[in-house]
1. When the Cα atoms of the chain are enclosed in a convex hull and the volume is divided per residue, what value in Å³ results?
2. Using each residue's phi in the stretch 51-56, evaluate 6.51 cos²θ - 1.76 cosθ + 1.60 at θ = phi - 60° and report the 3J(HN,Hα) Karplus result to the nearest Hz, with x for Gly and Pro.
3. For the stretch 37-109, what are the per-bin percents of Cα-Cα distances with bins 10 Å wide, up to the bin holding the maximum?
4. Just to confirm the number: angle between the C-alpha axis of helix 103-125 and the first principal axis of the chain, 0 to 90 degrees, nearest 10?
5. Applying 1/(1 + (r/R0)^6) with R0 = 22 Å to the Cβ-Cβ distance of Glu99 and Ala226, what FRET efficiency is obtained, to the nearest 0.05?
6. So how tilted is helix 81-98 from the main axis of the chain? Cα-based, degrees 0 to 90, rounded to 10.
7. For Lys91 and Ala31, calculate 0.36 nm times their separation in residues minus their Cα-Cα distance, and state this gained length in nm to one decimal.
8. Quick one: if you take sqrt(5λ) for each eigenvalue of the C-alpha gyration tensor of the stretch 12-146, what semi-axes come out, biggest first, whole angstrom?
Amino acid sequence: MELISELWNAMAFTGKTVVVVLAVLSIYSYAVMIDRVLALRWARERSEALAADFEAAIDSSVDVDELSDRVQQAEEAGHNPLATVLRGALKEYVMLRREEESDQLVTEGVEVEVGRGLDVAVANLRVRLPGMATIVGVAPFLGLFGTVTGLISAFRGIASGGGGGLAAVSAGISEALVTTVIGLFVAMPALWAYNVFMNRVDNLAIGLHNSASRLSGHCVRRLLRARRAA
């Protein structure tokens, strides 16, 4: 702690400002990491649970209102992208049936709505990740900015001291090195986390697409057969 205090006291105002900004960016990036870990885990678990429940409901009943209620309850619980997609698909089905469209147009309309819902769901899963990508790009440059200001401070020490002794340049050099290290320390974990989360989102998006397409297609076919038989 004493060493940190000495380094902090030796820094110029610009160096301290860079360190504070990098500290804020680091705190934000770790907050995003925690948020995305929980959000993606809940999204996967709750979507899988809804897929099993929705499929069982289709096999036992073909009432669109009952299916809509199940999906709405799952959506209101939060962090369930599959519920959002299926609810939009069911709404589209009900609207097209009220307009007395053909079975083919109903099926195509529901498929289009599923695609739109998946785009929105994936965008929601990626929320805050662009901010983390910005931190990855900005943090090293902030560290470099601190490095430049530290070197400027070192050269000023040489100029004012009339020589190149260690005492004249140590404060500026330490400031330059510290800001560089902190910038890398902020950027590297953020880069690793960004790549991990983007990979998880891509995998989750594939699963959502497969589940939503299969369940919505199965549901629409059952509903249309039931309507024709009525």
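Bear in mind these aren't lab numbers, they're just calculated from the coordinates by the rules spelled out. Keep in mind that what you see is a predicted model, and the values were worked out from it rather than measured. So basically every Cβ, Gly included, is an ideal-geometry build from the backbone, and we count neighbours across all protein chains shown.
1. Working: hull volume 29.8 nm³, N = 230.
So the per-residue Cα hull volume is 130 Å³.
2. Once θ is set to phi - 60°, the couplings for the stretch 51-56 become 4, 5, 5, 5, 5, 5 Hz.
3. 20, 45, 27, 7, 1
4. 20 degrees
5. Values: r = 19 Å, r/R0 = 0.85.
It comes out at approximately 0.75.
6. 40 degrees
7. 18.0 nm
8. The three semi-axes for the stretch 12-146 are 45, 16, 9 Å.
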